[in-house]
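Visitor: Sharing a structure, written as structure tokens. Questions coming.
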Amino acid sequence: MSEPTPLARELRRILATEGPISVADYMALCLAHPVHGYYRTRDPLGAAGDFVTAPEVSQMFGELLGLWAAGVWQRMGAPHPVVLAELGPGRGTLMADALRAARIVPAFRAALAVHLVEISPALRRRQQETLAASGVAIAWHDDVATLPEGPLIVFANEFFDALPVHQAVKTADGWHERMVGLDESGRLVRALDPAPLPRFEALLPAHLRPAPVGAVFEWRSDAVVTELARRLVRFGGAALIVDYGHAPSAFGDTLQAVRGHAYADPLEAPGEADLTAHVDFAAIAAAAERAGAQALGPVTQGEFLRRLGIELRAARLKASATPAQREAIDAALLRLTGGGRENMGELFKVLVLGDPRLGLTDVIP
Ligand code: SAH
């Protein structure tokens with residue numbers, strides 16, 4: 001067995017004194033522990049990191065999202081100023097590409113106030129470097145709650161999958177929350193909370209009832225979505241959520257750990273592997289609608305990018321490229337829009353939350 005990570009030692013202390021914690025609390029500690037959390041200590045993105053995201057695949061992704069934002073802004077009545085917020089901006093690549101593309105609508109570019117919601121000090125430094133050349137003032141936040149009040153446009157790419165997820169398991173005597181505890185030898189193990197979750201089954205989406213014994217259901221706090229929706233309804237604007245997950249809610253244990261581009265056991269190297277779980281788009285849409293916002297989609301990332309003109313953009317870039325660059329552009333286009341497990345086009349989905357007064361009928365304004 002490999003050496004325990006520093007966070008594993010810390011978790012043993014916590015679990016030995018406080019008893020088992022929920023999978024959500026475990027995930028939150030692994031990702032965001034102030035000293036040993038995965039996102040606190042490293043830059044996990046790119047070829048040398050643990051995973052590659054759409055904006056790191058190609059500049060076309062951020063550019064097209066920038067044009068989407070300009071379209072939303074026009075539909076909002078061109079407010080000045082407008083907050084352009086990004087949740088979990090990684091290396092700042094998406095925002096840099098979006099701001100460059102936004103130059104073709106100078107009044108939009110001039111109206112923008114950029115606000116980044118990011119918990120990782122390492123990634124905040126990286127974002128600052130990436131965005132230095134863009135010439136816009138940037139403010140950072142730990143949480144959406146401190147964003148300035150006012151009209152806003154929001155990007156969130158691969159943000160919600162990193163938010164802590166709860167798991168419940170159906171047994172013969174009802175639903176129990178899944179916990180992380182210690183076995184006799186002090187190893188981290190999964191366990192069920194002995195107290196059943198009251199009335200859990202009745203709260204499940206109707207198409208999942210009655211649930212079979214053994215079913216696993218995952219859910220997240222609605223806090224971020226509710227706060228975004230409240231702001232969209234009050235001040236105007238729209239949010240673009242891009243992630244992987246299920247469009248109708250579904251059963252399944254989707255918690256996964258990725259370390260150095262390979263899957264690992266989520267309990268194996270706490271703090272040193274990226275932990276994510278599928279996003280439940282139907283749950284996000286329902287929470288947004290409860291707060292008065294409109295939800296559109298989800299559509300696949302491939303469809304969304306094609307409708308925003310990614311093929312034309314790729315052709316333009318290729319026109320002034322070397323043969324090797326042309327090949328790279330084609331490969332990126334396939335990766336972003338193609339089907340199958342090795343591409344993002346069908347795996348990733350796009351959900352838009354909007355102020356109902358915008359009267360959006362589609363994910364593209
Ligand atoms: N959007 C980027 C990065 C995705 S990785 C891209 O597509 O490349 C997830 C991002 O969310 C990282 O920047 C991470 O530090 C940030 N993050 C994770 N949990 C967070 C939280 N609870 N609050 C704010 N940021 C968070």
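The values are calculated or read from the model by the stated rules, or taken from the named source; none is laboratory data. Please read these numbers as outputs of a predicted model, since none were measured by experiment. Counting neighbours? That spans all protein chains shown, and the Cβs are built from the backbone with ideal geometry, glycine included. SASA here: full protein model, heavy atoms, side chains in, ligands and nucleic acids out. Shrake-Rupley method; radii C 1.70, N 1.55, O 1.52, S 1.80 Å.
Visitor: To the nearest 500 deg cm²/dmol, what mean residue ellipticity at 222 nm is calculated for the chain from DSSP H runs of n ≥ 4 alone, each contributing -39,500 (n - 2.57), summed and divided by the residues?
Guide: -10500 deg cm²/dmol
Visitor: Work out Dmax and Rg for the chain from the C-alpha atoms and quote the Rg first, both in angstrom.
Guide: Cα only, the chain: 21.1, 65 Å (Rg, Dmax).
Visitor: Taking the range 51-145, how much of its Cα-Cα pair set, in percent, is spaced more than 19 angstrom apart?
Guide: Cα-Cα pairs in the range 51-145 separated by more than 19 Å: 37 percent.
Visitor: Further question on the same structure: On a C-alpha basis, how far is the centre of the range 1-72 from the centre of the range 151-212 in Å? Whole number, if you could?
Guide: Computed from Cα coordinates, the inter-centre distance equals 19 Å.
Visitor: For the range 216-272, what is the convex hull volume of the alpha-carbon atoms per residue, in Å³?
Guide: Hull volume normalised by residue count: 143 Å³.
Visitor: Moving on. So how long is each side of the range 154-200 along the principal axes, counting just the alpha-carbon atoms, biggest first, in Å?
Guide: 44, 33, 12
Visitor: Tell me the volume per residue, in Å³, of the convex hull enclosing the alpha carbons of the range 109-148.
Guide: Once divided by residue count, the hull of the range 109-148 is 59 Å³.
Visitor: If you add up the charges near Gly309, with Lys and Arg at +1 and Asp and Glu at -1, over every other residue whose beta carbon is less than 11 angstrom from its beta carbon, what do you get?
Guide: Taking every Cβ under 11 Å from that of Gly309, the sum is +2.
Visitor: Expressed as a whole percent, how much of the Cα-Cα distance distribution for the range 250-342 exceeds 23 Å?
Guide: 54 percent
Visitor: Could you tell me what % of all Cα pairs in the range 117-187 have separations over 20 Å?
Guide: 58 percent
Visitor: Follow-up question, since we're still on this one. Any chance you could list P(r) for the range 177-274, counting all Cα-Cα pairs in 10 angstrom bins from zero, rounded to whole %?
Guide: 11, 29, 34, 22, 4, 0
Visitor: Right, here's the next one. Can you send over the carbon and sulfur percentage of the accessible area for the range 122-277, probe radius 1.4 Å, protein chains only?
Guide: Result for the range 122-277: 56 percent of the exposed heavy-atom area is carbon or sulfur.
Visitor: Quick one: give the max-minus-min coordinate of the C-alpha atoms of the range 193-243 along each principal axis, largest first, in Å.
Guide: Result, largest extent first: 44, 22, 19 Å.
Visitor: Next question, about the same structure. What is the magnitude of the charge dipole of the range 109-243 about its Cα centre, with +1 placed on the Cβ of each Lys and Arg, -1 on the Cβ of each Asp and Glu, and no other charges, expressed in debye to the nearest 20?
Guide: I would put it at about 340 debye.
Visitor: In addition: Just the number please: accessible area per residue for the chain, 1.4 Å probe, all protein chains included, in Å².
Guide: I get 43 Å² per residue for this part.
Visitor: Relative contact order, percent, of the chain when contacts are C-alpha pairs under 8 Å separated by at least 6 residues?
Guide: Relative contact order, the chain: 19 percent.
Visitor: Check Thr254: other-chain or 5+ apart residues with amide H under 5 Å from its amide H, H built from backbone geometry?
Guide: Placed amide hydrogens put His278 under 5 Å from Thr254.
Visitor: So if I place +1 on the C-beta of Lys and Arg and -1 on the C-beta of Asp and Glu, and nothing else carries charge, what would the dipole magnitude of the chain be about its Cα centre? I want it in debye, nearest 20.
Guide: 1100 debye
Visitor: If we sort 335-341, 5-11 on the protection proxy, mean other Cβ atoms within 10 Å, highest first, what's the order?
Guide: Order by mean packing, descending: 5-11, 335-341.
Visitor: Of the options Leu334, Gly302, Leu312, report the single residue whose Cα projects farthest towards the positive end of the charge dipole of the range 301-356 (beta-carbon charges: Lys, Arg +1; Asp, Glu -1).
Guide: My answer, from the dipole projection, is Leu312.
Visitor: Turning to a different aspect of this structure: Taking all protein chains as present, what is the carbon and sulfur share of the accessible area of the range 5-74, in % to the nearest whole number, probe 1.4 Å?
Guide: Whole-percent figure for carbon plus sulfur exposure: 54.
Visitor: Please check: in the Gaussian network model of the chain (C-alpha springs, under 10 Å), which one of Ala110, Ala319, Ala28 has the largest mean-square fluctuation.
Guide: Ala319
Visitor: Ranked highest first by average number of other Cβ atoms within 10 Å, how do 279-287, 177-185, 237-245 line up?
Guide: By packing density, highest mean first, the sequence is 237-245, 279-287, 177-185.
Visitor: Given R₀ = 30 Å, FRET efficiency for Asp25-Ala328 by Cβ-Cβ distance, to 0.05?
Guide: 0.10
Visitor: Report the full-extension gain for the segment Gln74 to Glu201: residue separation times 0.36 nm, less the Cα-Cα distance, to one decimal in nm.
Guide: Here the answer is 41.3 nm.
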